[in-house]
Amino acid sequence: MRTLARLSLLALLLSATAARAEAKFGFVDLQRAIREVDEGKSATAVLKKDFDEKQKVIDQKKAEFDKLKTEFDKQALVMADQAKKDKAAELDRKAMELQQLFVQLQKDLSQREGEVMRGIVDKMTGVIREIAEADGFTMVFERNDAGIVYAPQSLDLTNELVRKYNARFGAGSKAGGQAKKAEPAKPAAGKK
């Protein structure tokens with residue numbers, strides 16, 4: 001009985017070793033690829049512009065709050081107790097509004113980034129699949145998610161991903177050009 005179990009285990013180990021010998025693995029650094037593809041650069045620029053606009057709103061509201069707080073601090077010594085309590089309550093309310101605005105703007109930016117990047121990553125996944133199938137890769141891992149500490153540079157498919165993605169979806173590609181041509185021209189205001 002033991003001999004049969006050992007033979008079964010040996011057969012299992014040999015088949016697993018043979019399967020591993022045929023397996024071919026690669027990896028990509030999606031974060032780097034997103035930063036390097038033309039569409040990712042454009043998306044990052046748009047997201048930065050959105051962030052800067054929202055940051056201006058926050059900075060303006062914070063400056064207004066700081067001004068009110070400074071005025072309150074100067075006048076607090078000569079204010080009646082009830083007036084001081086009322087003004088302090090108003091400042092607390094404004095501080096809470098400022099915090100809520102900050103949280104909402106952060107949420108909006110995060111949601112917008114997720115939407116934009118999800119589209120790029122979805123397209124990249126298709127390109128990665130094509131590269132893997134063409135080159136015989138069994139699996140392709142995401143460098144950061146897989147926790148890859150070391151892998152030979154020859155298994156890094158990121159440069160090929162960026163090149164193929166830009167060729168297919170970049171500003172100068174046929175697909176990118178056709179998408180722009182497919183949109184109907186908007187008539188000027190007042191003209192038909």
With only Lys, Arg, Asp and Glu charged, each at its Cβ (+1 for the first two, -1 for the last two), find how big the charge dipole of the stretch 24-169 is about the Cα centre; round to the nearest 20 debye. 280 debye
Among the Cα-Cα pairs of the stretch 24-169, the proportion with separation greater than 26 Å, in percent, is 51 percent
Distance in Å, no decimals, from the C-alpha centre of the stretch 32-55 to the one of the stretch 116-135 is 19 Å
Scoring only Lys, Arg, Asp and Glu (+1, +1, -1, -1) among other residues with Cβ under 12 Å from the Cβ of Lys61 yields +1
Amide H contacts under 5 Å for Val140, placed H, 5+ residues apart: Gly26
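Roll a 1.4 Å probe over the protein chains and send me the accessible area per residue for the stretch 24-169 in Å².
Heavy-atom SASA per residue in the stretch 24-169 reads 67 Å².
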Straight-line reach from Lys84: which aspartates and glutamates have Cα under 15 Å away, leaving out those fewer than 8 places along the same chain? Glu71, Asp73, Asp92
Here FRET efficiency (C-beta to C-beta, Glu115 to Arg163, R₀ 22 Å, nearest 0.05) is 0.30
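Past 25 Å, Cα to Cα: identify those pairs from Lys62/Lys85; Lys107/Lys164; Lys49/Lys69; Lys61/Lys107; Lys85/Lys107; Lys56/Lys94, in the order given.
Lys107/Lys164; Lys49/Lys69; Lys85/Lys107
The values are calculated or read from the model by the stated rules, or taken from the named source; none is laboratory data. Bear in mind the structure is a predicted one, so any value in this text is a computation, not a measurement. A quick note on method: Cβ atoms are made from the backbone with ideal geometry, for glycine too, and the neighbour counts reach across all protein chains shown. Side chains are part of the model used for accessible areas, which takes the heavy atoms of the whole protein and leaves out ligands, DNA and RNA. Shrake-Rupley method; radii C 1.70, N 1.55, O 1.52, S 1.80 Å.
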